[in-house]
Amino acid sequence: MERKKAGVPRTVYLLGIVSFLTDVSSEMIFPLLPLFITTILGAGAEVLGLIEGVADSAASIIDIFVGYFSDKAGERKKFVILGYGLSAVTKVGIALSTSWWHILIMRGTERIGKSIRTSPRDALIADATPQELRGKSFGLHRAMDTLGAILGPLIALAILSILGSTEPGYRAVFYAALIPAFLAVLAILLLIREPKKAAAKAAKRPSFWESLRQTTRDYRAFLSVSALFSLSYFSFAFLIVRAADLGVSAQDVLLMYILYNVVYALSSVPGGMLSDKIGRKPVIAGAFLIYACVCLGFAFASSWWHAALLFALYGIFVALDESVNKAYIADLVPPEKRGISLGAYNSLVGAVYLPASIVAGALWAALGPAATFEFAAAVAFISAIGIIAACK
């Protein structure tokens with residue numbers, strides 16, 4: 001029987017260490033990348049929307065297949081190693097990029113790594129955790145992940161404070177981010193062990209299409225509402241650019257990003273535990289409503305402190321959304337379907353991110369930022385109604 005700490009399985013803590021190191025690396029790079037693309041490489045908002053949409057969406061189509069094959073093989077760890085390893089390698093390419101299309105290729109490839117690792121990793125967490133602790137376990141993993149997202153921007157801020165918001169400063173941050181990225185891969189190799197129960201059932205897996213057909217009505221209803229909501233869930237890069245429009249400097253954007261991650265980390269475990277007590281559905285609906293408020297706030301924001309407050313509120317939304325959605329899916333499906341079910345969710349909502357970000361960029365370019373955020377708020381509000389009406 002797996003050793004536990006405070007009721008949460010050891011596997012969750014170990015995967016949290018891996019995610020912590022990865023997020024130290026990623027969050028040194030990605031908060032600065034929109035500014036690097038627009039100010040150093042000279043690309044516009046529509047190009048930014050394309051890059052971020054491809055990054056969030058194009059690679060996600062493989063999530064469903066990776067999830068299925070991890071179910072069929074009964075082996076999650078090898079997919080997790082491959083995914084984290086690919087992401088680490090492509091960050092070298094980001095550091096060397098000299099044109100926006102280089103970033104497009106590297107961001108898309110880096111997200112392929114995320115697609116490969118996410119569903120098997122989340123299935124490992126769900127497999128290891130009893131249902132009554134599942135919200136807490138996913139919340140704890142997200143909190144540990146987000147601690148890395150706090151440390152990463154602090155390191156980036158320290159480097160930019162010395163070298164300035166210049167091309168050499170940005171590139172120094174990108175190169176420094178490679179160290180924790182490769183340490184995360186080493187941590188997987190040394191710390192993570194495959195649960196024996198996954199391999200024991202490997203021979204009993206149905207075919208890919210049969211696995212999809214066997215999903216429940218409640219699960220499919222949740223997928224439909226999640227896809228609708230994803231039309232409003234454009235890239236975080238637009239929030240960063242909006243803050244810059246309000247006169248927030250690159251260093252202060254990093255501080256606001258740190259604030260967002262602090263709130264995210266502090267909210268993840270309580271949000272997951274709340275869903276364990278009152279149910280997943282009301283917490284998810286509440287998260288959608290919070291996101292609608294954030295979008296309306298950014299539509300009408302006129303000062304730096306508006307942006308700071310909205311970044312903090314966005315942290316609460318993401319904590320609820322990331323922790324509770326996956327726990328809800330794990331509740332709706334049997335253990336032998338968790339890989340493909342989590343993968344199908346990631347693939348579907350990820351596929352919608354591309355049109356969402358492209359539409360956001362087009363609305364921004366044609367009508368200004370307010371139109372982008374008002375459209376997102378309306379879709380999020382409708383989705384909150386949908387989760388109450390359509391889901392179990």
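Assorted remarks:
- Test: residue in the range 357-371 that is in a helix (DSSP H, G or I) and within 18 Å of the chain's Cα centre (by Cα): yes
- Scan of the range 144-157 for residues that are within 14 Å of the chain's Cα centre (by Cα) and buried (at least 24 other Cβ atoms within 10 Å of the Cβ), ordered by number: D145, T146, G148, A149
Yes/no per residue for (1) polar (S, T, N, Q); (2) in contact with a Pro (Cβ under 9 Å, 6 or more places away or on another chain); (3) over 13 Å from P31 (Cβ atoms); (4) at pLDDT below 85:
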position	(1), (2), (3), (4)
Q251	yes, no, no, yes
I258	no, yes, no, yes
F288	no, no, yes, no
V294	no, no, yes, no
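- The set of residues in the range 230-254 that are of a type outside the set (A, V, I, L, M) and assigned to a loop (DSSP other than H, G, I, E, B) comprises S232, Y233, F234, S235, F236, G247, S249.
- Look at the range 20-47: where a residue is closer than 13 Å to S235 by Cβ and a partner is of a type in the set (F, W, Y) and assigned to a helix (DSSP H, G or I), sitting 6+ places away or on another chain with Cβ atoms under 7 Å, you get P31/Y257; I37/W100; A45/W364; V47/W100.
- When G279 is tested against the conditions (1) modelled with pLDDT of 85 or more; (2) under 21 Å from R142 (Cβ atoms); (3) surrounded by fewer than 20 Cβ atoms within 10 Å (Cβ to Cβ), the lone failure is (1).
- Some residue of the range 317-332 being crowded, with 20+ Cβ neighbours inside 10 Å and part of a loop (DSSP other than H, G, I, E, B): no
- Selected residue [at pLDDT 85 or above, assigned to a helix (DSSP H, G or I) and under 27 Å from A227 (Cα atoms)] from L82, L104, L50: L104
- Long-range neighbours under 7 Å by Cβ, at least six apart or interchain, first residue under 19 Å from L189 (Cα atoms) within the range 64-93, second surrounded by fewer than 20 Cβ atoms within 10 Å (Cβ to Cβ) and of a type in the set (D, E, K, R): G74/K201; E75/E194; R76/E194; K77/E194
- Answer from Y291, Y264, Y260 - the residue that is in a helix (DSSP H, G or I) and under 25 Å from A126 (Cα atoms): Y264
- Lone qualifier among L140, L133 - being surrounded by fewer than 23 Cβ atoms within 10 Å (Cβ to Cβ), touching a residue at least 12 places away in the same chain (Cβ under 8 Å), closer than 18 Å to L342 by Cβ and touching a strand residue (DSSP E or B) at 6+ places or on another chain (Cβ under 8 Å): L133
The values are calculated or read from the model by the stated rules, or taken from the named source; none is laboratory data. Just so we're clear, the structure is a prediction, and the values are computed from it rather than from any experiment. Don't worry about glycine lacking a Cβ; one is built from the backbone with ideal geometry, like all the others, and counts go over all protein chains shown.
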